[in-house]
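First comes the structure, then the notes that go with it.
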Amino acid sequence: MRQISNVRPELRLNPVVQRLALSLEFGDLTRPLRMAIWAPVAFAAGALIYFSMPAEPSVPAGQILVGIAASGVILAFRYARHRPLVWSALLVLAFALSGFARSQHHTRMQAGNFVEESGAARTVSGWIESVQNSNGRERIIVRVAVFETMQTPPRRIRFFARRGAFGPGDAITARVVLIPPRRPAVPGGYDPAFAAWFSGLGGTGYAIAPLEAGEVSGDRLARQIARWRWQMAEHIRDRASLETGGIAAALITGDRSGITPDQAEALRAAGLGHILAISGLHMSLFAGGLFFVFRAFGAAIPVFARRFDPRIPAAIIALVGACLYLILSGASVSTQRAFVMVSIVLLGVVFKRRAISMQSIALAAGIILLLQPQSILSPGFQMSFSAAAALVAAFDLWRQREANETQKNAIQRFIGFWGTLSFSSFVAGSATAAFAAFHFNRIAVYGLAANLAAMPVFSLVVMPAGAIALALAPFGLDAPALAVMSWGLVWVVRIAEWVSSWPGSLAPTASAPGYVLALYAFGFVLLVAATRASRKIGICVMLAAYLVWALNTPPDIFISEGGVVLARFGQDNGQQWSSTDRRRARFATSVFLEQAGEQGRAGRGGVTCDPRGCTGQAGNVVITVSESGETLNEDCDVSDLVVLKTYASPVQRADCRARLVDLGMLEANGAMAFWTDASGIARETSVERRRGRRLWTASDNGG
């Protein structure tokens with residue numbers, strides 16, 4: 001590929017544009033190897049644009065975009081080969097359009113059949129896929145075979161039940177009361193319907209009678225795998241220590257039903273929650289352990305080592321082991337990402353190519369996005385790939401420094417191990433911090449300290465012992481290995497409990513608009529994937545995103561779908577959030593406070609209530625909550641915002657001088673949020689306005 005300065009005279013750019021392109025080194029970004037990185041980025045941008053649209057685009061629009069993308073590729077290779085910037089722009093545009101079209105096609109291909117909310121019990125037949133633990137109650141996911149009243153049933157349903165002797169893989173029949181997936185509890189919040197659409201989850205609820213044995217034909221292999229995973233998890237929980245058996249089972253089989261809520265919260269607060277999700281760390285430790293063991297075994301046989309490269313058969317064995325681990329762990333999306341990346345590394349060893357590079361990470365991201373484009377919105381995708389990309393970029397610099405150093409003694413190597421661990425923990429934590437804060441509204445302040453104390457034991461003791469236990473389990477010899485694994489996990493849990501008890505271990509952060517995260521992600525990609533001067537632009541873009549985030553203000557008033565108002569009541573606009581009803585809408589109000597970056601629960605200060613309703617003043621806005629509307633005319637005269645927990649007539653709406661929000665409006669729009677200024681209500685939004693009208697929002701209840 002010719003550089004910009006060497007382009008033929010008749011193809012030269014404007015001198016100003018050319019000078020700017022050279023200073024930013026766009027010529028380097030247009031090389032084919034660099035395009036291997038930017039193509040998945042463009043594909044991801046197209047997917048992000050599709051999922052961010054307020055309304056579902058028409059099918060012909062996607063088909064037209066495919067045609068434009070194909071034309072762009074043809075033009076790039078036929079007419080723009082000697083114009084690096086034009087060549088790059090056409091290919092980037094083609095991949096972005098392909099990402100948009102692929103996302104639309106994948107979304108429409110999902111069997112998103114949601115149940116209707118009737119309140120009546122219905123009979124369902126199917127087989128148990130998995131068992132979850134929700135605050136001490138068992139919740140089962142059933143792969144549906146027959147569903148009463150629905151000719152085309154959803155793929156899955158989830159409900160609370162006493163499963164008795166039934167477990168994953170068993171065919172059952174149940175009488176259940178289900179509701180469709182709900183819409184977000186707050187504007188811009190997590191959308192259960194979006195996740196349910198792509199997972200095939202058609203409804204959630206509870207069983208009204210004990211489960212009964214059923215008959216299901218088909219899915220034999222899937223049922224056997226589910227039963228195998230459950231039996232393995234039960235075996236590990238029984239033979240490992242009582243305290244950490246649930247965590248051990250989660251690390252090997254992906255089944256988290258045995259983890260106590262206190263342990264899970266302590267790990268998250270200490271910044272160690274990532275060990276519970278089988279991801280790149282677990283897969284690399286498992287497959288890497290197999291690789292190094294079998295490579296050492298092959299190298300120890302002189303006859304074999306002289307004729308063959310021991311790394312190649314070791315990589316093949318490790319790849320097979322990683323595949324089995326993928327199946328055993330349940331093949332979640334995060335595990336699939338890890339498997340793709342580990343497979344690329346091992347295949348690089350087999351074909352004697354550099355495996356760990358930014359191109360390999362981009363290839364893994366491209367494969368995942370091609371298969372599951374909705375992953376671009378998931379925190380797991382964003383955090384895992386940001387950490388991997390940052391580590392690759394950082395260790396490229398680390399290797400350059402290490403190459404200039406002399407031979408080290410044992411003490412220097414030991415110090416280097418801790419230095420490498422500290423460096424990698426700092427890099428990975430820094431890379432994922434913004435994504436974690438955006439999605440979870442909190443930051444584990446002491447995560448680096450917890451990881452430095454716990455991860456050596458986890459990496460060198462827990463996971464190797466788990467791999468050995470898994471290999472010895474068929475022979476009944478896994479007890480010693482599980483004992484060692486349990487000892488290591490006790491250390492990890494103790495560290496988590498200790499660090500999470502430190503003052504200020506969790507720092508709350510306010511939510512930001514989605515475009516802020518997109519801006520930050522673009523700057524991050526420039527920082528880790530571009531070269532030299534372009535990295536400076538990436539840093540500036542990231543700082544701009546942080547600035548916009550810091551200047552973004554959360555809403556001042558929140559109204560839940562049930563009519564509960566949350567605000568800073570008091571004429572002095574005090575700092576304490578108060579609610580008009582602390583018994584109802586507790587989940588919605590707690591989610592809103594998390595998004596606002598607040599800790600603790602709402603109080604009742606500044607609110608005056610009687611049987612007819614509540615009233616209070618938030619800043620310059622007088623708010624009244626009316627239970628029945630008996631005093632609606634009076635409330636409208638003295639208030640700026642009136643929340644009516646029944647339906648208002650068109651006449652009442654027209655006569656009310658205040659901003660009137662009635663039950664019908666809340667049912668149609670979902671929860672609402674308001675921003676205020678010195679003059680009163682400045683702007684407002686709602687759940688339905690933020691989520692738009694998409695395929696996964698089509699049900700009557702907003703789900």
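The values are calculated or read from the model by the stated rules, or taken from the named source; none is laboratory data. Owing to the predicted nature of the structure, the values given are computational and were not obtained by experimental measurement. Positions of Cβ are backbone-derived with ideal geometry, glycine not excepted, and every protein chain shown enters the neighbour counts.
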From the options Thr152, Thr123, residue that is out of contact with any Ser or Thr (no Cβ under 6 Å at 6 or more places or on another chain), modelled with pLDDT of 90 or more and of a type in the set (S, T, N, Q):
Thr123
Residue among Ile312, Ile247, Ile317 that alone is within 27 Å of Leu221 (Cα to Cα) and over 28 Å from the mean Cα position of the chain (by Cα):
Ile317
Which count do you get for residues in segment 585-621 that are part of a helix (DSSP H, G or I) and either surrounded by 16 or more Cβ atoms within 10 Å (Cβ to Cβ) or of a type in the set (S, T, N, Q) (or both)?
8
Could you say which residue among Ser118, Ser98, Ser103 is part of a helix (DSSP H, G or I) and free of Cβ contacts under 8 Å to residues at least 60 places away in the same chain?
Ser98
State whether one or more residues within segment 279-298 are part of a loop (DSSP other than H, G, I, E, B), over 13 Å from Ala467 (Cα atoms), in contact (Cβ under 8 Å) with a residue 40 or more places away in the chain and within 18 Å of the chain's Cα centre (by Cα).
yes
Going by what's in this entry, would Asp637 be described as farther than 20 Å from Arg584 by Cβ, charged (D, E, K, R) and under 35 Å from the mean Cα position of the chain (by Cα)?
no
Among the candidates Ser679, Ser626, Ser686, which residue alone is in contact with a helix residue (DSSP H, G or I) (Cβ under 6 Å, 6 or more places away or on another chain) and in contact (Cβ under 8 Å) with a residue 24 or more places away in the chain?
Ser686
Go through (1) at pLDDT 90 or above; (2) within 28 Å of Ala437 (Cα to Cα) and name the single condition Arg586 misses.
(1)
Some residue of segment 627-638 being within 25 Å of Pro554 (Cα to Cα) and in a helix (DSSP H, G or I)
no
Check whether at least one residue in segment 417-424 is surrounded by fewer than 17 Cβ atoms within 10 Å (Cβ to Cβ), at pLDDT below 80 and part of a loop (DSSP other than H, G, I, E, B), and report yes or no.
no
So Ala47 passes all but one of these: (1) surrounded by 14 or more Cβ atoms within 10 Å (Cβ to Cβ); (2) among the small types (Gly, Ala, Ser); (3) at pLDDT 80 or above; (4) out of contact with any Gly (no Cβ under 7 Å at 6 or more places or on another chain). Which condition number does it fail?
(4)
Going through segment 121-151 in order, the residues found to be of a type in the set (A, V, I, L, M) and not in a loop (DSSP other than H, G, I, E, B) are Val124, Ile128, Val131, Ile140, Ile141, Val142, Val144, Ala145, Val146, Met150
Among the residues of segment 510-522, write down those that are surrounded by fewer than 20 Cβ atoms within 10 Å (Cβ to Cβ) and not aliphatic (A, V, I, L, M).
Pro513, Gly514, Tyr515, Phe522
Picking from Val7, Val73, Val92, which residue would you name as being β-branched (Val, Ile, Thr), surrounded by 13 or more Cβ atoms within 10 Å (Cβ to Cβ), over 30 Å from Val516 (Cβ atoms) and at pLDDT 75 or above?
Val73
Subset of segment 530-561 [touching a Gly at 6+ places or on another chain (Cβ under 8 Å), of a type in the set (Val, Ile, Thr) and surrounded by 17 or more Cβ atoms within 10 Å (Cβ to Cβ)]
Val541
